[in-house]
Amino acid sequence: MPRYDAQRIEPKWQQFWEKNQTFRVEFDPSKPKLYVLDMFPYPSGDGLHVGHPEGYTATDIVCRFNRMRGKNVLHPMGWDAFGLPAEQHAIKTGTHPRVTTLKNIDTFKRQLKMLGFSYDWSRELATTDPEYVRWTQWIFLQLFDTWYDPNYPWTGPDGERRVGKGRPIAELPIPADVRSQGDIAVRNYQDANRLAYIHEAPVNWCPALGTVLANEEVTADGKSDRGNHPVERRRLKQWMLRITAYAERLIDELEPLNWSESIKALQKNWIGKSVGAEVDFLVESQESRVKSQPEAQGLPSLGSDEWKSVRTKSGFPTTPEPNVIRVYTTRPDTLFGVTYMVLAPEHPLVDTITTPAQRAAVDEYRQKASLKSDLDRTDLAKEKSGVFTGGYAINPVNGERVPVWIADYVLISYGTGAIMAVPAHDERDWEFANAMGINVTPVVAPPDAWLIANVDMLGPFHSWHSVGDDPGKLANAVKDVVSSCEIMQDDFLSYIEIERRILHGDRVSEDDAVQLRQSYRIEPGCFKKAFGEYGTAINSGPYTGLPTAEFKTKITADLATQGLGKQAVNYRLRDWLFSRQRYWGEPFPIWHELDSHGEPTGMVRAVTDADLPVRLPEMEDFQPTGTPEPLLSKAPADWLYATAADGTKLKRETNSMPQWAGSCWYYLRFCDNKNSDRFIDPAKEKYWLPVDLYIGGAEHAVLHLLYARFWHKVLFDRGHVTCPEPFARLVNQGMILGEMEFNGLKHPLTDEWLSIKDKDLKWSTTSVVPVPTVEIASVYTAARYAPIDASQVEKSGDTWVLKDNPSIQVDARSYKMSKSRGNVINPDTVVKEYGADSLRLYEMFMGPLEATKPWSMAGVDGIFRFLGRVWRLVADDRADDIRLADAVQDVPPTPGQLRVLHKTIKAVTDDIERLQFNTAISRMMEFTNEFTSHDVRPKSVLSSFVLLLSPFAPHLAEELWQLLGHTTTLAYEPWPTYDPALLVEAEMEIPVQINGKVRGKVTVPKDADQATIEAAANAIDAIAQQLSGKTVVKVVYVAGKLLNMVVK
RNA sequence: GCCGAAGUGGCGGAACUGGCAGACGCGCUGGACUCAAAAUCCAGUGAUAGCAAUAUCGUGUGGGUUCGAGUCCCACCUUCGGCACCA
């Protein structure tokens, strides 16, 4: 009684493929190639979760499909094996990370093989392999040996003309004044220009993990991406990679890629390009305000006018004079609206600009700001804070004195670390100005619609609500207002009246609009917020009346001619913090030179290629040092120290590389993983790259994908790879959620069910009466959620309610799988119960690949039953031995059978090409349903069908293929093709509509013309009834689709 | 707040460039087979009214374009993901 038995079939074919090396692929330029890649898994101790096989099955289907269509398919798998979890495990158990890693890799590999993926396992690699580490270090040295020349025009091997190239450091022009200072100065200058450089800056230090983290690895609420530990700011010397040099190309070259627009948008937002201008403000000399000898304190003696005329001649300098504040703005058109300036607390000019009277307050504020972590800064974001320095700068466009403040809402790491504040047209400046009582000068006229929507005459006085429409109270409020506002009482009263009419929903007359515009010019505080959009310039001297865009261009050009400003581009993206303080990562191939006292001189040198790889020293103690001192600093001395051929004492770099390093280039190594002479053979690189299809989770949108693109571009510039982008097509699989759950609220005291409508109420621990959340003190408690069985609930309208008590609403949704929720599905369990083919097929059948979708065990069961039906379609399940069903016969198919087959071939082929696996499976189900009812099932038709099924359920397909009498694997059988002529039916059914509603259907020969169809339609009773007494105004016939009669 | 994705039966979802809404699967109901059960097979299954043929309503909400809208346009609501003082 051989029923469909996945436990028997699947290991059999897995062994067959392994023994016959079925999926081994060779470099063969004579064949068309296809490179299909899964995102590099980190082999965690938990093994696979069901999210992994989703993407892996999708790529496997594409690979198997394309092999059958004659492509030479590269489909490798390997391990992103360095990283924190193995080391955290070592701290807990003392097990060496290498041991843990190898064990986890074994688990992952066993699970992947159990799922029947057609990887070429001979290409397997792990980032921890010494031979792999060697080339990771070699690529790092390429970065170390490269500087970015932004003005270098060149044509790449892809034929594209570019300006800007990563060039060898030896080609870096050394300025004469640097050269004249000697060898050390030259080396320092080179080091400062390398793509890999050491930099001291505030970094994200995570004490719990004992390492610093990149910006990308810290979440919005200031926690570590891995482990959710707190992160603090510390000033440390760290290795940085100059990814910002490539920001422009990382944006530009994203455009032609076949990636989803949303992922492209994510990357673009992360890079965050903005175009604006840098503008210089001369600091008003403190002395000049007291006495007329401004030479004191070493500040240049120039007055504003003299300074400007010098600038007109000299032009805009690369670095401004020491008494000049350089700001970056995207809105140079608002220069006339600057009412104060802000320096970041860390700005170097703060010291010189602060007056003695403000010194103490400024020092205190800087002290506080330096202690704040990013988390604190966001927590305090609601309340803007800052301190006046006592200093002033001169607005270059109108000569006005502008007070200079410091405030932590200005970041030292963005732009120039200083801003010109225009509270009328910037939300943040508006809040700050309101908090500090600074003037607001409007310089852009908003459109009337904005004025109407935002008018709030009494807003600044917070009295509108208490006034209401009461004339007496209104008069009093107006008295208050007028005494503190510059506008006249009559005007003000009429403004109030306009606002009242607007609030009452009356139409705004032209006169009213004129008044509103007037009031905006005089008192922008009478409107709810800053106007940050484009409009027309007002109060802007010679520029008044210009539209914003035109103004920006013009004033930027004017400032440039005067040497006071320059167009500038900024990026939100920061350079990549590349060092970590942990053990389980690639060592840097870098030596620090030591002086005669054993102290570092600050000079570094690269490990020579011949000495690569630098292996990790053997260590047993993995406890973090508790300080930012790297773990490797505890390494044995023979690893740590050496003496160079020239006698210089050397100490190794003790930081290690982050986990991303290995995953930045693994896709290259897969093409040539055994090469010991080069990281990849050029011919193989040219043949296999770029990756044609890359599938993985969206969590890598800005980390891995940005870093890998950056490394690739550096290798491209240095001539080591020939395509500018590594991943031609990217698809992000959606998340798989747990099974749908029903949850209700229970009263904390009485245990009664409560409606989730009341979820925002909380209950006193002593009273059954709920109180609104806003009045909560600690004695109150929230109701708790409790699971409810699906049989206890039903749908009522849009909501789910208890069957017993429909007034109680319950929550119905799926949650992310997590250990704590206990809704994790283990692939091992599913394979054991249903088999790998069922798991693969179910994951593809759940819905579109890119959608987030909930798991359903009942759905797996349905798929398993389908595979059982396929089995019985071919095999006799009542015989004692495995043999064909009696209905399967070596006979030619009927025309009807042939048409069903060819329709299925077409549908499945098209769907695979569009990665719509769920509908492909539906079509195969339809085929199976149809043929199950046939008493005679031609062998040839079933053979073709088995081929269609094989990319999805390869084990079952191989087994049936063998049963149908074939002796070789189907992996390289030609994919079935369809004959379009066979798809056409002899007759067609045409729906007949009256006024767009289907009222009947006619069946006519496939070549029937409109007249025939109309005649047939009129012959239908229902149609005739609908037409009686009415006139046909118009008839629309869509050939072969439908007939629509418009009647009156 | 900004950017992105998505809202279709009891559930997952289908519907290519506007043309029969709900394919396919799950669930449910009934039936066949069986001593019985499992397994399997057959039929039905958006809502409302009706014995019925049929009619009306129906793709988050409100408008619009069109002979015809799940699909196109405008405004809004909800959910999910990302970013968040980036000047």
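Every number here is computed from the coordinates shown, using simple stated rules; none is lab data. In this text, all values refer to a predicted model and were calculated from it rather than measured experimentally. Glycine also receives a Cβ, built like all others from the backbone with ideal geometry; neighbour counts cover every protein chain displayed.
Note on chain A: dipole from Cβ charges, positive end direction compared against A:Thr22, A:His720, A:Phe316; the farthest Cα belongs to A:Thr22. Residues A:Val1032, A:Val279 in ascending order of nearby Cβ atoms (within 10 Å, fewest first): A:Val1032, A:Val279. When you restrict to C-alpha pairs under 8 Å that are six or more residues apart and normalise by the size of the stretch A:573-702, the relative contact order lands at 28 percent.
Could you tell me what % of all Cα pairs in chain A have separations over 51 Å?
43
Beyond 23 Å in Cα-Cα separation lie the following of the pairs A:Lys19/A:Lys939; A:Lys12/A:Lys103; A:Lys1001/A:Lys1034; A:Lys264/A:Lys713: A:Lys19/A:Lys939; A:Lys12/A:Lys103. Neighbours of A:Pro991, meaning other residues whose beta-carbon lies under 15 angstrom from its beta-carbon, give a summed charge of +1 when Lys and Arg score +1 and Asp and Glu score -1. Among A:Val218, A:Val714, A:Val891, the ranking by other beta carbons within 10 Å of each residue's beta carbon, starting with the fewest, stands as A:Val891, A:Val218, A:Val714. Enter the angle in degrees (range 0 to 90, nearest 10) between the Cα long axis of helix A:548-561 and the first principal axis of the Cα atoms of chain A, meaning the one along which they spread out most. Approximately 50 degrees, to the nearest ten. The residue list A:Leu209, A:Val1047, A:Ala344 was ranked by how far each Cα lies along the charge dipole of chain A toward its positive end, using unit charges on Cβ atoms, and A:Val1047 comes out on top. About its Cα centre, the dipole of the stretch A:937-1023 is roughly 220 debye, where the only charges are +1 on Lys and Arg Cβ and -1 on Asp and Glu Cβ. With helices as the sole contributors, chain A gives -10500 deg cm²/dmol at 222 nm; each DSSP H run of n ≥ 4 counts as -39500 (n - 2.57), and the sum is divided by every residue.
The spread of Cα positions in the stretch A:1-55, taken along each principal axis and listed from longest to shortest, comes to 49, 31, 18 Å. Distant-in-sequence amide contacts of A:Gly602, defined by a placed amide H-H separation under 5 Å and a gap of 5 or more residues or a different chain, comprise A:Glu593. List the residues whose amide H sits under 5 Å from the amide H of A:Arg937, counting only those 5 or more places along or on another chain, with H placed 1.01 Å from N in the peptide plane. Under 5 Å from the amide H of A:Arg937: A:Val888, A:Gln889. Phi-derived couplings, Karplus 6.51 cos²θ - 1.76 cosθ + 1.60 at θ = phi - 60°, listed residue by residue for the stretch A:525-533: x, 7, 10, 5, 8, 6, 9, x, 8 Hz, with x used for Gly and Pro. Between the Cα long axis of helix A:489-503 and the first principal axis of chain A there is an angle of about 10°, rounded to the nearest 10. Couplings for the stretch A:657-668, taken from phi via the Karplus curve 6.51 cos²θ - 1.76 cosθ + 1.60 with θ = phi - 60°, read 7, x, 4, 5, 4, x, 7, 6, 9, 4, 5, 6 Hz in order; Gly and Pro are left as x. Please give the charge dipole size of the stretch A:125-172, origin at the Cα centre, charges +1 on K and R Cβ atoms and -1 on D and E Cβ atoms. Round to the nearest 20 debye. That gives the stretch A:125-172 a dipole magnitude of about 160 debye. A simple charge model with +1 on the Cβ of Lys and Arg, -1 on the Cβ of Asp and Glu and nothing else charged puts the dipole of chain A at about 1200 debye relative to its Cα centre.
Per-residue Cβ neighbour counts within 10 Å put A:Lys529, A:Lys1001 in the sequence A:Lys529, A:Lys1001, beginning with the fewest. Applying the Karplus relation 6.51 cos²θ - 1.76 cosθ + 1.60 with θ = phi - 60° to the stretch A:605-614 yields 3J(HN,Hα) values of 9, 7, 5, 6, 3, 5, 8, 7, x, 7 Hz, where x marks Gly and Pro.
On a 24 Å Cα-Cα criterion, which of the cross-link pairs A:Lys273/A:Lys384; A:Lys165/A:Lys674; A:Lys92/A:Lys634; A:Lys853/A:Lys997; A:Lys223/A:Lys651 come out too long?
Working: A:Lys273/A:Lys384 26 Å; A:Lys165/A:Lys674 30 Å; A:Lys92/A:Lys634 19 Å; A:Lys853/A:Lys997 34 Å; A:Lys223/A:Lys651 33 Å.
Listed pairs above 24 Å: A:Lys273/A:Lys384; A:Lys165/A:Lys674; A:Lys853/A:Lys997; A:Lys223/A:Lys651.
To the nearest ten degrees, helix A:6-19 and the longest principal axis of the Cα atoms of chain A are 70 degrees apart. Only one residue of A:Ile912, A:Leu942, A:Ala879 has its Cα farthest out toward the positive end of the dipole of the stretch A:827-982, where Lys and Arg carry +1 and Asp and Glu -1 on Cβ, and that residue is A:Ile912.
Backbone amide hydrogens, once placed in the peptide plane, bring A:Asn72 within less than 5 Å of A:Lys33, A:Leu34, excluding anything fewer than 5 places away on its chain.
Using DSSP to call loops (not H, G, I, E or B), can you name the trypsin sites (Lys or Arg not before Pro) in the stretch A:871-940 whose Cβ has at most 11 other Cβ atoms within 10 angstrom? Walk me through the numbers on the way to the answer.
Numbers: sites: A:Arg872, A:Arg878, A:Arg883, A:Arg899, A:Lys903, A:Lys906, A:Arg914, A:Arg923, A:Lys939; in loops: A:Arg878, A:Arg883, A:Arg914.
Hits after loop and neighbour filter: A:Arg878, A:Arg914.
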